[in-house]
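As structure tokens, the structure follows; a few thoughts come after it.
The values are calculated or read from the model by the stated rules, or taken from the named source; none is laboratory data. All of these numbers come straight from a predicted model, not from anything done at the bench. Ideal geometry is used to build each Cβ from the backbone, glycine not excepted, and the neighbour counts take in all protein chains shown. Surface accessibility is based on the protein's heavy atoms, side chains included, excluding ligands, DNA and RNA. Shrake-Rupley method; radii C 1.70, N 1.55, O 1.52, S 1.80 Å.
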Amino acid sequence: MSQANPQDELHNLAMSEAARPLLEKVVRHIRENCDPALAEYERLGRNRQERFSFAPGQLEILDDLKVRAKSAGLWNFFLPDAETGEGLSNLDYAYIAFELGKNPLAQQSLNCSAPDTGNMEVLERVGTPEQKEKWLKPLLNGEIRSAFAMTEPDVASSDAKNISTSAVLENGEWVINGEKYFISGAGDPRCRIMIVMVKTSPDAEPFRQQSQILVPMDTPGVKVLGPMRVFGHDDAPHGHMHIVFDNARVPEQNILWGEGRGFEISQLRLGPGRIHHCMRSIGAAEKALDLMIHRGLSREAFGRKIIDLGKNMETVSRARIEIDAMRLLVLKAARAMDVLGNKEARIWVSKAKAMVPERCCRIIDDAMQMHGATGISQWTDLPEMYIRQRTLRFADGPDEVHHHVIARAERQAFESSNDRQAAVRNWTIRN
């Protein structure tokens, strides 16, 4: 029997039969557990005195949701290793992540929240037994949270070669000095560990200068200066923190995978991490569309329902078309990762990353418009939804980087294809 062509396999976007019962259980868990809990969770969190903490009762709600999810077998879906996770393919996980994006408590209740997912994948793949025991185990159990510290305020961090936070080996310890910002999740009081991108080998070739090191949050010299605000919003208690490393010392064995391998580690985490964000974004867009339609049907102006005014029906139509297009692209990217591997699928991942947050922002913006002034107020979730999507246009690489990756590949494909070039020449001659 001839072996299947990987390019042909890219077109099979169906969820596996084995994963369908899990998807049904996830949908039921969100509907029966997460949705009813969300209003009380948010009510408890309002007006708390300490922004970067949880109000009494909030963690109890989260812990109860985790217990319910675990007891239903809904835990650590994102991990490809069946010994530590469910062993789902990227494609199967995409269908589940679409649902997780519809409720802000859902992904955490299943222990599938960023940046923990990426950090757990890194630790599982390259961590030493000691690192896994100390940090991966409690992360897999949902007992602690984590952060990934890469972006710096004084350099263009979209080019990771610019990262300047230094780590120097002295007497069996890495001494770390530098400044990071927009470190997502570092504000959470449950955050215990960071993976920090540092420069350890300034004289090596450019892609061998960086390393990644495990730095506990309580390390002396780690100073959390405060949150970066996005459109004035601090995203507490999760937060996107501004952190200074002032002679922070960690043991030599805290380095991940060896000195100079920071870029290799980034490639391990960024493919899955980027596409996971896009998967959840589809769920957020679906939620925005539902809110848009509900508002349009529940209010009247000038004697007609709002949804029937102006171009609002077309707005709803375009949102549905764009969500379906985004869904197909994300599924194709997930399938490419399964069939071709993360490295070869990077073009598909960049396509999704360039398209999805931008289109989701547009859909959420249209939902705000349908709501009138309420749509930009604290009375709806739409402003926070918009903030999260707008932030994703920078997180894991800005739009421009992904467009560059796509265009470069397209240019190279054209330049290497005599047939494409000949067809263009013939067309030019005829016209």
For segment 353-359, what does the Karplus curve 6.51 cos²θ - 1.76 cosθ + 1.60, with θ = phi - 60°, yield as ³J(HN,Hα) per residue in whole Hz, taken in order and with x for Gly and Pro? 5, 6, 8, 5, x, 4, 5
Counting only the backbone N, which residues of segment 9-25 are under 19 Å from the spot 7 Å out from the Cα of residue 419 toward its beta-carbon? 9-11
Would you work out the relative contact order for the chain, in percent, from Cα pairs under 8 angstrom that are 6 or more residues apart? 14
With 24 Å as the cut-off, how large is the P(r) tail for segment 330-431, expressed as percent of Cα-Cα pairs? 47
Relative contact order for segment 290-392: what percent, with Cα pairs under 8 Å and sequence separation of 6 or more? 24
In whole Å, what are the extents of segment 250-365 along the principal axes defined by its C-alpha atoms, from largest to smallest? 71, 35, 16
Against the 2.2 N^0.38 Å rule of thumb, the C-alpha Rg of the chain sits at a ratio of 1.04
The extension gain from residue 161 to residue 253, computed as 0.36 nm times the residue separation minus the Cα-Cα distance, is 30.8 nm
Of 70, 132, which has the most accessible area with a 1.4 Å probe, and how do the rest follow in descending order? 70, 132
Heads up, I need the accessible area for residue 361: 1.4 angstrom probe, whole protein in place, Å², nearest 10. 10
What whole number of Å gives the distance from the Cα centroid of segment 238-280 to the Cα centroid of segment 1-70? 24
Heavy-atom accessible area of residue 200, protein chains in place, probe 1.4 angstrom, given in Å² to nearest 10, is 20
Pair residue 50, residue 300: separation of 7 Å Cα→Cβ label points (nm): 5.2
Against the 2.2 N^0.38 Å rule of thumb, the C-alpha Rg of segment 16-89 sits at a ratio of 1.35
With an 8 Å cut-off on Cα pairs and a minimum separation of 6 or more residues, tell me the relative contact order of segment 37-108 in percent. 20
Residue 75: accessible area at probe 1.4 Å, nearest 10 Å²? 40
Hey, could you pull the Cα Rg and Dmax for segment 244-309, both in Å? 24.3, 72
Added length on full extension, which subtracts the Cα-Cα distance from 0.36 nm per residue, residue 28 to residue 224: 66.7 nm
Using 12 Å as the cut-off for backbone N distance, which residues of segment 121-150 belong to the label zone defined by a point 7 Å from the Cα of residue 401 along Cα→Cβ? 150
